[in-house]
Amino acid sequence: MTFLDFTGDLVDLMSASDAVVSMAGYNTICEIVSMRKKALVIPRVRPTEEQWMRASSMSHLGLFKVIHPDHLTPHMLALELRNLVECPPAEIAYSQINLEALPEIAGTVSTLLYSHATA
């Protein structure tokens with residue numbers, strides 16, 4: 001087990017990991033989901049609840065486990081991490097989301113531009 005406060009090599013470390021424990025920043029969550037990593041997410045809830053809203057919504061899809069930081073204890077962290085490492089990946093949950101946003105956006109913009117040019 002390795003604990004890091006910060007790394008500039010997040011993608012390689014996450015790729016090599018069995019599971020990730022993380023906050024719920026936008027980029028980190030995108031990496032967790034795109035790599036289909038087992039994850040335990042403990043979002044920041046102050047000064048805003050942006051991370052909590054993102055993490056709890058994605059947790060309801062079954063993409064990862066989320067714990068509200070006000071409910072976190074060392075015992076809970078150890079138990080949830082052990083369960084996470086032992087459980088199978090959430091492949092069914094990942095089939096529910098579309099990670100191909102760029103081609104979708106490009107297609108939509110192209111359609112809008114084409115229809116506007118021919119109108």
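The values are calculated or read from the model by the stated rules, or taken from the named source; none is laboratory data. These numbers were taken from a predicted model, which means no experiment stands behind them. Every residue, glycine among them, receives a Cβ derived from its backbone with ideal geometry; neighbour counts consider all protein chains shown.
Worth a mention:
- In region 87-102, residue modelled with the highest pLDDT [restricted to those that are in a helix (DSSP H, G or I) and more than 15 Å from K37 (Cβ to Cβ)]: L102
- Subset of region 54-77 [out of contact with any Pro (no Cβ under 9 Å at 6 or more places or on another chain), aliphatic (A, V, I, L, M) and closer than 19 Å to R44 by Cα]: M58, L63, L72, M76, L77
- Test for V45: is it among the β-branched types (V, I, T), assigned to a helix (DSSP H, G or I) and at pLDDT 85 or above: no
- Scanning region 1-49 for residues that are within 19 Å of Q96 (Cβ to Cβ) and either charged (D, E, K, R) or free of Cβ contacts under 8 Å to residues at least 12 places away in the same chain (or both) yields C30, E31, R36, K37, K38.
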